[in-house]
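Sharing a structure, written as structure tokens. Questions coming.
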């Protein structure tokens with residue numbers, strides 16, 4: 001159906017261009033002869049599969065009010081960066097409170113609805129998983145399996161519709177190294193240059 005519409009549209013565009021291009025001095029449309037057509041250049045629209053083509057530009061929607069997405073769409077942006085919190089989602093070992101990040105999930109769904117890619121940033125190590133002597137960042141080695149389980153659940157939840165998140169980034173590289181085995185599916189984890197020791 002879409003293809004038939006495009007064919008009809010292109011045909012009508014060509015007929016219209018030829019009719020306007022061959023109009024007489026009185027403004028009346030006349031039938032174009034082959035000799036007259038050679039004097040005119042007809043520009044046809046380019047129709048590409050997957051158009052409009054994505055741009056390199058995006059926006060960080062973390063903390064923006066609901067009004068942020070319409071402006072991002074109007075600006076023609078192709079991606080958004082959204083930050084989520086391990087500490088909020090897993091306040092105690094093994095628990096999952098996805099409701100705590102409902103606003104973030106809404107932003108991700110809005111991005112999908114507007115054909116924008118999402119880069120998900122994972123930050124905030126929960127207090128129970130911190131390495132001794134740190135008040136943020138570094139994950140205790142004995143908590144690496146918990147981090148791996150969390151990232152596995154994160155990938156399972158966000159790599160499919162309605163989120164379709166294809167790229168994730170951990171705010172701290174040591175945290176990510178522990179969870180790389182969680183990769184699987186379509187979501188890849190990108191290691192940040194900073195370490196978990198930095199707040």
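The values are calculated or read from the model by the stated rules, or taken from the named source; none is laboratory data. Small disclaimer: the values here were computed from a predicted structure and weren't measured. Every residue, glycine among them, receives a Cβ derived from its backbone with ideal geometry; neighbour counts consider all protein chains shown.
Among 45, 65, 54, which is the only one that is modelled with pLDDT under 90, out of contact with any strand residue (DSSP E or B) (no Cβ under 7 Å at 6 or more places or on another chain) and either surrounded by 14 or more Cβ atoms within 10 Å (Cβ to Cβ) or closer than 22 Å to residue 152 by Cα (or both)?
Checking each option against the conditions leaves just 54.
Output the number of the condition that residue 113 fails; it satisfies all remaining conditions of (1) more than 18 Å from residue 63 (Cβ to Cβ); (2) modelled with pLDDT of 95 or more.
Looking at each condition in turn, residue 113 falls short on (2).
Taking the options 105, 99, name whichever one is assigned by TED's automatic domain parsing to the domain that holds residue 145, outside any loop (DSSP other than H, G, I, E, B) and modelled with pLDDT of 95 or more.
Values: 105 fails: modelled with pLDDT of 95 or more.
That would be 99, the only listed residue that is assigned by TED's automatic domain parsing to the domain that holds residue 145, outside any loop (DSSP other than H, G, I, E, B) and modelled with pLDDT of 95 or more.
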